[in-house]
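Readers should treat all values here as calculations from the given coordinates under stated rules, not as data from a laboratory. For clarity, every value in this text was computed on a predicted model and none was experimentally measured. No Cβ is skipped: glycine too gets one built from the backbone with ideal geometry, and neighbour counts run over all protein chains shown.
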Number of protein chains: 2
Amino acid sequence: MSSGPALVSILRQDSYLIASVHTALDDSEMIRLRNNLVEQIGRYRSNGVIIDVAALDVLDSFGAKTLATIAEMARLRGALTVIVGIQPDVAFAMVQLGMGTAGVPTALDLEEGLAYLNARVPRRPVRGPLGD
Amino acid sequence: MSSGPALVSILRQDSYLIASVHTALDDSEMIRLRNNLVEQIGRYRSNGVIIDVAALDVLDSFGAKTLATIAEMARLRGALTVIVGIQPDVAFAMVQLGMGTAGVPTALDLEEGLAYLNARVPRRPVRGPLGD
């Protein structure tokens, strides 16, 4: 399982974490994404998380539920989560099946997601090398 | 079906989409409206949608449900939806038949709908005075 291309890449930009999902994830991979993100929020003291699902053309109910769980766990750890890039077909399926992301903020794409966080997350002074 | 007057016109005003329904729509026309709106949200990066149903004197349960679906899909794509112009008879029928738009914001008319969006949708930093 550790071989092959990365299914999710988690980048750090200032105080944000940006998780890009590159392909459909099965349940165990969703859980690993959840654990990785929540762990990195603590390690990097992130206060904003963007989950980019633009590459997904399908999202099952477990995946949608896990995204909502991640957002709530992140909130409890002090970070605001926004989900970006939900494709029209995925949006339709989520609504029809009643598995909305229930209150998780969403945005059209990465740019809008960053704007959303920038408008809501308090700025943190950039730390120099002494701070690390 | 493609001949004749347009049943719905979708106009773009800044970052909003304004869909005016001119006549009663059957199910397939409602679905086409849904797909067009959701597609245009992505194409034009809209963050607000107004659906004007002032010309409708009847709205069946499928229509009401589809309006709610549009609103939720738009939210998942990062846009806020408000339905305007629900006529008294339509409002009465919707309440009596229990087919409310379940949480979708509504406003009296187009002007109120625009005011609703203006108060809630973050301004684009493209134009207007800059300020942090």
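At a glance:
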item	result
Reciprocal of mean inverse Cα separation for chain B (Kirkwood radius, Å)	15.2 Å
Pairs of Cα atoms farther than 36 Å apart, the protein assembly as shown, %	21 percent
Cα-based helix-to-principal-axis angle, B:61-76 vs chain B, degrees rounded to 10	20 degrees
The stretch B:14-72: equivalent-ellipsoid semi-axes (sqrt of 5 x gyration tensor eigenvalues, Cα, Å)	20, 12, 9
Computed [θ] at 222 nm, helices only, for chain A once each DSSP H run of length n ≥ 4 contributes -39500 (n - 2.57)	-13000 deg cm²/dmol
DSSP bridge pairs, the stretch B:8-118: antiparallel proportion in percent, nearest 5	35 percent
Label-to-label distance, nm, for residues given as A:Arg77 and B:Arg32 (7 Å Cα→Cβ offset)	4.8 nm
